[in-house]
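Working notes for the structure below.
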Amino acid sequence: MTELTYPHVGATRNGPLPAGYRHLRYRTRIGAGEAVLARAGEAILTFAMHRATGARIVADAGRAAPGVRLTVGLGPLRAPCEVVWVSEHGFGYGTRPGHPATGEEAFQVEIDDRGDVWFTVTAFSRPAGTLMRLGGPVAVGFQHLYARLCGRALRRVSTVTS
């Protein structure tokens, strides 16, 4: 993990999120029950959730694990990342050189006491270059939109029954 472009590795898991970055916290209910939790966790860990948004994922492994490198492609955007932590139902990845931002983003699901399954995106980021700085509010809006797209995609792929 020597090529990460930020020093706060793991902050999306252990918090608090570092100062000097934009923070994103997005949470949405995707369903209920242990089966939904298991399917959602698997979809996150195998990058199926990301692919279901229409993103192109190129990874050096089929499953998230610390050190796995991947590139997330959306339209002309290419975002090199590296998985920095993994849990039973999610993971966090950090930015590598060539990513338009610098920071970390995490995708997780959990089940509450009532059996509802919640998807959470936690991130901290700031522009890595001039283009992203100039994009300002548009770039922030895009990150929020992508979090919502992930939630919708995860709901779709985790509540389908055979």
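Tabulated values for the structure
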item: Difference of contour (0.36 nm per residue) and Cα-Cα distance, Asn14 to Arg29; result: 3.2 nm
item: Contact order normalised by residue count of the chain, Cα under 8 Å, 6+ apart, percent; result: 31 percent
item: Low-density loop cleavage sites - chymotrypsin sites (Phe, Trp or Tyr not before Pro) in region 1-87, where at most 13 other Cβ are within 10 Å (DSSP); result: none
item: Protection proxy ranking, peptides 65-74, 120-129, average beta carbon neighbours within 10 Å, highest first; result: 120-129, 65-74
item: Helix 34-45 axis, angle to the chain major axis (alpha carbon atoms, nearest 10°); result: 30 degrees
item: Sites Leu74 and Asp113 - FRET efficiency at Förster radius 45 Å, r taken between beta-carbons, to 0.05; result: 0.80
item: Three-way shape label, region 35-78, alpha-carbon gyration tensor, a/c 1.5; result: oblate
item: Carbon and sulfur %, accessible surface of region 4-144 computed with the full protein complex present, 1.4 Å; result: 56 percent
item: Using alpha-carbon coordinates, inclination of helix 130-158 to the longest axis of the chain, degrees; result: 10 degrees
item: For region 46-57, 3J(HN,Hα) per residue [Karplus equation, 6.51 cos²θ - 1.76 cosθ + 1.60, θ = phi - 60°, Hz, x = Gly/Pro]; result: 9, 6, 5, 4, 4, 5, 5, 7, x, 5, 8, 10
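The values are calculated or read from the model by the stated rules, or taken from the named source; none is laboratory data. Every value quoted in this text rests on a predicted model; they were computed, and no experiment measured them. Using ideal geometry, Cβ is built from the backbone for each residue, glycine included, and neighbour counts are taken over all protein chains shown. Each accessible area value is taken on the protein alone, full model and side chains, heavy atoms only, with ligands, DNA and RNA left out. Shrake-Rupley method; radii C 1.70, N 1.55, O 1.52, S 1.80 Å.
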